[in-house]
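Written below as structure tokens is the structure these notes are about.
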Amino acid sequence: MTVSNEPMTSPGWDVTSVRRDFPILEQSVHGYPLAYLDNAATTQKPRVVLEAMDGYYRRDNANVHRGVHALAERATGAFEAARESVRRFINARSTREIVFVRGTTEAINLVASSFGQRLREGDEILISAMEHHANIVPWQLLRERSGIVLRVVPITPAGELDLDRLSSLFTPRTRLLAITHVSNALGTVNPVRELIAEARRHGVPVLLDGAQALPHLRVDVQALDCDFYAFSGHKLFGPTGIGVLYGRESLLETLPPYQGGGEMIRTVSFEKTTFAGLPHRFEAGTPDISGVIGLGRAIEYLEQLDWDAATAYEARLLEHATACLQDVPGLRIIGQARHKVALVSFVMEDVHPHDMGTILDRRGLAVRAGHHCAMPVMSYYGVPATSRAAMAFYNTFDEIDRLAEALRYARELLA
Ligand SMILES: Cc1ncc(COP(=O)(O)O)c(C=O)c1O
């Protein structure tokens, strides 16, 4: 078989040129051009992000907010400029609403810890059956500490939220709706405007887990009118170890600090400590400075792309992948929501996803096999795991064709 990474041309989106921005994509794996289809786990980084992080360490490395020397000022300037980039990107009102954390997981833990302190036994948190463990376990830990109750919006066989059940799950004790914007296991895009409107009718604030949404959708937190929005830099073509919690200023103002230490204080004595203002009150200790700078650069990179063309291209990739994979004998797609990002989860009769993943890897195809940190979703569909092809705007139609062909081969070999 001859394979090449020559992309099929696509009007409006020059994938060949975009791929040149991502040096990692140039390599071969096991003698095949790398087809990286594991973007829901983490995305690849454009050269400008690598250069920004390298440049920071080469020229500007110093701790932020502390020194008056030139390097400290440059580092602080770059760090706070990145905060402004994040603010602009999600259209928050103020940089006071942008808290840097390690990732989506930490963002949700921050809310569970700080917002959670005001909750009492019997108060309820509403989540959904398609959550990543990062939006389940922090609430279970809070349940152990405070006796809160977790309620779960069910899903339908297509992998959509069962909206008919939503309204009845709100009670006078509901204190927060914490729900994913896009499912990492199914690709479903949830109708977040509707969800927020419903929560508002019940006077309940909303946290959105945006880990899988921001890489594919433009998000405006003011237009959405959500109270918290959590996301990870590494899923957004930025580095690992850095993420963001957006919080509505009037709400963040009322929350106690998350962790204590340097950076988050105004004055400290043994008798009493007073805390810094937003957002620093939630950023204890030396932050991941190069990570923040890398994330800021990733956002600037995304801002200069033709986003409508990228989105349209991804939609065509999804359509192509769904059609090709549906045609493979014995393959079942898990998650057939009407509104999906470019992600296809699937199982193949009589073939374990891990064996499948290994065969695909031998052909240079990087897909994820496992429960995707969404075990309740796997239980719902009665499968231990799925394989997942998660695409980004740098993937090609040719890569999808190679995937479909390799799946047919795997089926012949293993089933
Ligand atoms: C929907 C969703 N939420 C949360 C997370 C956790 O993100 P992180 O591990 O970057 O904190 C992920 C990661 O896969 C995810 O897909």
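Out of the residues in the stretch 373-415 that are at pLDDT 95 or above and charged (D, E, K, R), state the one that is nearest to residue 42 (Cα to Cα). Taking the candidates together, the pick is 388. So, residue 232, is that one of a type in the set (Ser, Thr, Tyr), away from the ligand (no atom under 16 Å from the Cβ) and closer than 18 Å to residue 99 by Cα or not? Against the criterion (of a type in the set (Ser, Thr, Tyr), away from the ligand (no atom under 16 Å from the Cβ) and closer than 18 Å to residue 99 by Cα), residue 232 does not qualify.
Residue 290 satisfies every condition listed in (1) in the same structural domain as residue 88 (by TED's automatic domain parsing); (2) of a type in the set (S, T, N, Q); (3) open to solvent by 30 Å² or more (accessible area, probe 1.4 Å) except (3). Scanning the stretch 280-338 for residues that are under 30 Å from residue 383 (Cβ atoms) and not in a helix (DSSP H, G or I) yields 327, 328, 329, 330, 331, 332, 333, 334, 335, 336, 337, 338. When 165, 173, 118, 96 are checked against the criterion of being under 30 Å from residue 236 (Cβ atoms) and open to solvent by 30 Å² or more (accessible area, probe 1.4 Å), a single residue qualifies: 96. Considering the conditions (1) more than 16 Å from the ligand (Cβ to nearest atom); (2) on the phi > 0 side of the Ramachandran plot; (3) in contact with a helix residue (DSSP H, G or I) (Cβ under 7 Å, 6 or more places away or on another chain), residue 278 is excluded by exactly one of them, (2).
Please go through the stretch 23-43 and pick out each residue that is open to solvent by 20 Å² or more (accessible area, probe 1.4 Å), touching a residue at least 60 places away in the same chain (Cβ under 8 Å), within 28 Å of residue 231 (Cβ to Cβ) and not in a strand (DSSP E or B).
If the condition is that a residue be open to solvent by 20 Å² or more (accessible area, probe 1.4 Å), touching a residue at least 60 places away in the same chain (Cβ under 8 Å), within 28 Å of residue 231 (Cβ to Cβ) and not in a strand (DSSP E or B), then 41, 42 are the ones that fit.
Scanning the stretch 106-119 finds one or more residues that are away from the ligand (no atom under 16 Å from the Cβ) and under 30 Å from residue 290 (Cα atoms).
Taken over the stretch 135-152, the residue count meeting the criterion of being over 18 Å from the mean Cα position of the chain (by Cα) and surrounded by fewer than 21 Cβ atoms within 10 Å (Cβ to Cβ) is 11. Restricting attention to the stretch 131-176, the residues that are among the β-branched types (Val, Ile, Thr) and either away from the ligand (no atom under 16 Å from the Cβ) or touching a Phe, Trp or Tyr at 6+ places or on another chain (Cβ under 6 Å) (or both) add up to 5.
Please tell me if residue 363 is buried (at least 17 other Cβ atoms within 10 Å of the Cβ), more than 21 Å from the chain's Cα centre (by Cα), assigned to a helix (DSSP H, G or I) and at pLDDT 95 or above. Let's see the steps before the verdict.
Working: buried (at least 17 other Cβ atoms within 10 Å of the Cβ): yes; more than 21 Å from the chain's Cα centre (by Cα): yes; assigned to a helix (DSSP H, G or I): no; at pLDDT 95 or above: yes.
No; evaluated as a whole, the condition is false for this residue.
The values are calculated or read from the model by the stated rules, or taken from the named source; none is laboratory data. Just so it is clear, the structure is predicted and the values come from calculations on it, not from any experiment. As a convention, Cβ positions derive from the backbone with ideal geometry for all residues, glycine included, and neighbour counts pool all protein chains shown. Heavy atoms of the whole protein, side chains included, go into the accessibility calculation; ligands, DNA and RNA do not. Shrake-Rupley method; radii C 1.70, N 1.55, O 1.52, S 1.80 Å.
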